[in-house]
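Computed from the coordinates by the stated procedures, all read-outs in this text should not be read as laboratory data. Just so it is clear, the structure is predicted and the values come from calculations on it, not from any experiment. As a convention, Cβ positions derive from the backbone with ideal geometry for all residues, glycine included, and neighbour counts pool all protein chains shown.
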Amino acid sequence: MTQRPAIVLVRGDITEQRADAIVNAANTSLLGGGGVDGAIHRAGGPEILAACRALRASHYGKGLPTGQAVATTAGKLAADHVIHTPGPVWSREHDRGELLASCYRESLRVAMELGARTVAFPAISTGIYGWPMDDAARIAVRAVRKSAAPPVTEVRFVLFDEYAYEEFAAALRATTA
Ligand code: AR6
């Protein structure tokens, strides 16, 4: 029987992670922004933006749709690849949970195609896009449990603060219970 990939939580900065792939909470323009996106482009250098611009020109003239994922070089980062995925903006009126789950699923699909074994995710949509942390954590953990498969051996959630860490830990406990 094949081993299920491990899900690991760490507190920290995703730009400092050693992993085969790190995931960027991007926007549909693929051209950078604040939060994790800004930090990844700053730390990874201009190669990442150049690769994003090339993808815009070749495949995504109108931008990358929310919930999809695409990989570029990781530039100067310790990772091999950055996988960019635009999360949904949280809405009180519309349930966009499926789109948020799709970010995790599609990012993992791309990671597996690349042969990545270790993949690090931030808490997509929980910053500028306003998603409540408890709900986002539940969706993230469920989606990863469902979709992670070999060659991935480890999925790491990299949480920026104690609150995010605690909410992901609670979500993990709830799905293993
Ligand atoms: N490492 C790990 N987590 C981080 C880091 C970091 N270096 N920096 C912030 N976080 P956000 P979103 C946490 O806003 O909500 C950008 O402008 C942060 O505390 O980066 O998906 C894009 O271009 C929060 O919990 O992403 C889009 O326009 C989580 O990461 C938009 O923001 C996500 O926060 C995307 O918004």
task: Test each condition in (1) surrounded by fewer than 20 Cβ atoms within 10 Å (Cβ to Cβ); (2) closer than 20 Å to Leu108 by Cα for Ala74 and report the one that comes out false.
output: (1)
- prompt: Among Ala149, Ala170, Ala136, which is the only one that is surrounded by fewer than 23 Cβ atoms within 10 Å (Cβ to Cβ) and part of a helix (DSSP H, G or I)?
  reply: Ala170
Residue list for the stretch 113-132, filter: touching a strand residue (DSSP E or B) at 6+ places or on another chain (Cβ under 9 Å) and surrounded by fewer than 21 Cβ atoms within 10 Å (Cβ to Cβ): Glu113, Leu114, Arg117, Gly127, Ile128, Tyr129
